[in-house]
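> There's a structure below that I have some questions on.
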């Protein structure tokens, strides 16, 4: 059994829990490697676990006959398995590791039992569920209203927030899939961003050079959801 200390936890949700709620969850938590491009759970399939991300990044992906597109991002600010928080056992999206790292995972049954027993735990995780819905709403808005360059700027900012590394391991093929555009569209957008000194692209990696310029390009599709997350977590 892991001997976990709440003060050492990197996941912000686990760190924000009341000590008694963390103590109740801790015996059921296990460390789990997040390997790049692994699928953690399928669409419309019962969730066996929820994953509190410590390092790395998980994409929530909608898959149709026409292809795949990312509709949500989960890093150390959150967890996968929001359907469990909302009282059901599955959702319509895939969970794909976009950035390798590590998570603390908990069996779905153990999380359900803890949620049933603790109103304060339900409150914190429900607030996160709302923040994820807000993030998804702004993703829909960005997809409908922004050009590819601005959407890519927003996506790079969100990924950079969660990976917190200088050179992010991102290929053009993967970015195209996540944004739901052709690779040629990503190539052209990266040309604009690199030419403006916002990022540097080299051999499957993206390095952020100027976050302020990226924010200006993304406009109000980046920032409001992040601010709501901070407000909701602070008020929990």
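> Can you name every residue in the stretch 216-235 that is buried (at least 17 other Cβ atoms within 10 Å of the Cβ) and either in contact with a strand residue (DSSP E or B) (Cβ under 8 Å, 6 or more places away or on another chain) or assigned to a loop (DSSP other than H, G, I, E, B) (or both)?
222
> Among what's in the stretch 124-156 and is within 15 Å of residue 83 (Cα to Cα) and in contact with a strand residue (DSSP E or B) (Cβ under 8 Å, 6 or more places away or on another chain), pick the residue that is surrounded by the fewest Cβ atoms within 10 Å (Cβ to Cβ).
The extreme case among them is 136.
> OK, next. Exactly one of these conditions fails for residue 224: (1) within 15 Å of the chain's Cα centre (by Cα); (2) modelled with pLDDT of 95 or more. Give me its number.
Evaluating residue 224 over (1) within 15 Å of the chain's Cα centre (by Cα); (2) modelled with pLDDT of 95 or more leaves (1) as the failure.
> Within the stretch 146-169, does at least one residue satisfy the condition of being within 25 Å of residue 63 (Cα to Cα) and in a strand (DSSP E or B)?
Yes, there is a match, as at least one residue in the stretch 146-169 is within 25 Å of residue 63 (Cα to Cα) and in a strand (DSSP E or B).
> Can you tell me which residue among 58, 82 is closer than 23 Å to residue 174 by Cα and surrounded by 14 or more Cβ atoms within 10 Å (Cβ to Cβ)?
58
Okay, residues lined up against (1) under 15 Å from the mean Cα position of the chain (by Cα); (2) surrounded by 14 or more Cβ atoms within 10 Å (Cβ to Cβ); (3) in contact (Cβ under 8 Å) with a residue 40 or more places away in the chain:
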{"residue": "122", "(1), (2), (3)": "no, yes, no"}
{"residue": "158", "(1), (2), (3)": "yes, yes, yes"}
{"residue": "176", "(1), (2), (3)": "no, yes, no"}
{"residue": "180", "(1), (2), (3)": "no, yes, yes"}
{"residue": "185", "(1), (2), (3)": "no, yes, no"}
{"residue": "197", "(1), (2), (3)": "no, no, no"}
{"residue": "214", "(1), (2), (3)": "no, yes, yes"}
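> When the residues of the stretch 199-212 are filtered to those that are touching a helix residue (DSSP H, G or I) at 6+ places or on another chain (Cβ under 7 Å) and within 12 Å of residue 160 (Cβ to Cβ), which remaining residue is surrounded by the fewest Cβ atoms within 10 Å (Cβ to Cβ)?
Per the criteria, the residue is 211.
> Follow-up. Go through the stretch 11-97 and tell me which strands (runs of 3 or more DSSP E), entirely inside it, have 2 or more residues that are more than 24 Å from residue 139 (Cα to Cα) and in contact (Cβ under 8 Å) with a residue 60 or more places away in the chain.
Where strands (runs of 3 or more DSSP E) fall fully within the stretch 11-97 and carry at least 2 residues being more than 24 Å from residue 139 (Cα to Cα) and in contact (Cβ under 8 Å) with a residue 60 or more places away in the chain, they are 30-34.
> In this structure, is residue 124 farther than 16 Å from residue 75 by Cβ and either modelled with pLDDT of 95 or more or not in a helix (DSSP H, G or I) (or both)?
yes
> Continuing with the same structure: Give the stretch 160-174 a look and list any residue that's modelled with pLDDT under 85 and surrounded by 19 or more Cβ atoms within 10 Å (Cβ to Cβ), or say none.
Within the stretch 160-174, 170, 174 meet the criteria.
The values are calculated or read from the model by the stated rules, or taken from the named source; none is laboratory data. Keep in mind the model is a prediction, meaning the values are calculated, not measured. Quick reminder, even Gly has a Cβ in these numbers, built from the backbone with ideal geometry, and neighbours come from all protein chains shown.
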